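Reading through the structure tokens given below for one structure.
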Amino acid sequence: MAMKKFLFVQTQPPHGSINGQEGLDAVLMGSAFTECAVLFLDDGIYQILSDQQTGPLNSKDYSVTYLALADYGVNNIYCCQTHLNERSLSTKDLILPVQALPEASIRRLFDEYDVILSF
Amino acid sequence: MLLHTINQSPFSNFSLKSCEKFSAVGDAVVFLENGVYALVHPNLHLLIQADLNVFALQADILARGLQHSCPDTVKIISYPQFVELCVQYPKQKAW
């Protein structure tokens with residue numbers, strides 16, 4: 001049986017809920033077994049905004065952990081250009097290189113991957 | 001073909017909008033849990049116009065008293081029918 005390709009979709013901003021961190025943990029684990037990619041949609045893109053300072057919140061800045069994805073062989077990292085524009089962001093504001101796709105291409109990603117896990 | 005699931009009220013997030021934007025003809029959508037409030041959302045018709053097959057879980061509709069607000073364009077399904085849909089559409093996207 002062919003190896004299944006997993007797409008992890010991050011949709012929530014960081015620190016307000018555990019979703020983002022859970023999703024990141026899941027990608028790191030999944031990448032040990034199969035080909036994985038990450039897609040940031042809507043407020044999910046805020047997870048990788050540069051210069052997060054979580055000291056006053058007494059929580060860990062897990063955004064830097066995203067930098068480890070490359071070492072785990074996760075090289076396909078996507079976001080939606082429209083969602084960046086809506087938030088006055090560009091890929092330069094992000095902590096890691098991300099491919100910004102037009103809306104029409106997002107649906108094709110869903111077709112390309114065998115399993116879609118949303119966080 | 002994709003099975004989209006919406007389990008939160010579209011009055012409090014973008015689930016309905018995102019689902020419509022990132023769907024393709026022939027996809028199916030299932031409203032469950034608080035997602036059934038989509039039945040009374042003004043943007044519901046967008047999914048119908050996009051040629052998606054739209055379903056809603058009966059138990060969740062009844063529990064919320066929405067049974068008199070179901071448009072004919074949405075098919076009401078039981079839990080076993082939901083399972084059948086999952087078999088028919090092996091790939092899912094939860095919004």
Please enumerate the residues belonging to the range A:73-95 that are closer than 22 Å to residue A:110 by Cα and of a type in the set (Ser, Thr, Tyr).
A:78, A:82, A:91
What are the residue pairs meeting all of these: first residue in the range A:1-30, first residue assigned to a helix (DSSP H, G or I), second residue buried (at least 18 other Cβ atoms within 10 Å of the Cβ) and β-branched (Val, Ile, Thr), Cβ atoms under 7 Å, and 6 or more apart or on different chains?
A:27/A:38; A:27/A:74
Whether any residue in the range A:36-50 is out of contact with any helix residue (DSSP H, G or I) (no Cβ under 8 Å at 6 or more places or on another chain) and part of a loop (DSSP other than H, G, I, E, B) is what I want to check.
no
Expected output for the range B:68-95 (first residue over 22 Å from residue A:116 (Cα atoms), partner assigned to a loop (DSSP other than H, G, I, E, B), Cβ below 9 Å, 6+ apart or cross-chain) is B:76/B:70
Residue count for the range A:79-119, restricted to those that are in a helix (DSSP H, G or I), within 13 Å of chain B (Cβ to nearest Cβ) and not polar (S, T, N, Q)
11
Of the residues B:75, B:93, which is modelled with pLDDT of 95 or more, within 11 Å of the chain's Cα centre (by Cα) and among the charged types (D, E, K, R)?
B:75
Just one of B:48, B:61, B:76 is assigned to a helix (DSSP H, G or I) and more than 21 Å from residue A:106 (Cα to Cα); which is it?
B:61
Selection from the range B:9-45 of residues that are more than 10 Å from chain A (Cβ to nearest Cβ), touching an Asp or Glu at 6+ places or on another chain (Cβ under 8 Å), buried (at least 17 other Cβ atoms within 10 Å of the Cβ) and part of a loop (DSSP other than H, G, I, E, B):
B:32
Tell me whether the range A:58-81 contains one or more residues that are without any contact (Cβ under 8 Å) to a residue 24 or more places away in the chain, surrounded by 15 or more Cβ atoms within 10 Å (Cβ to Cβ) and of a type in the set (S, T, N, Q).
yes
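The values are calculated or read from the model by the stated rules, or taken from the named source; none is laboratory data. What you see is a predicted model; the values in this text were computed from it and never measured. Note that we place each Cβ from the backbone using ideal geometry, even for glycine, and neighbour counts take in every protein chain shown.
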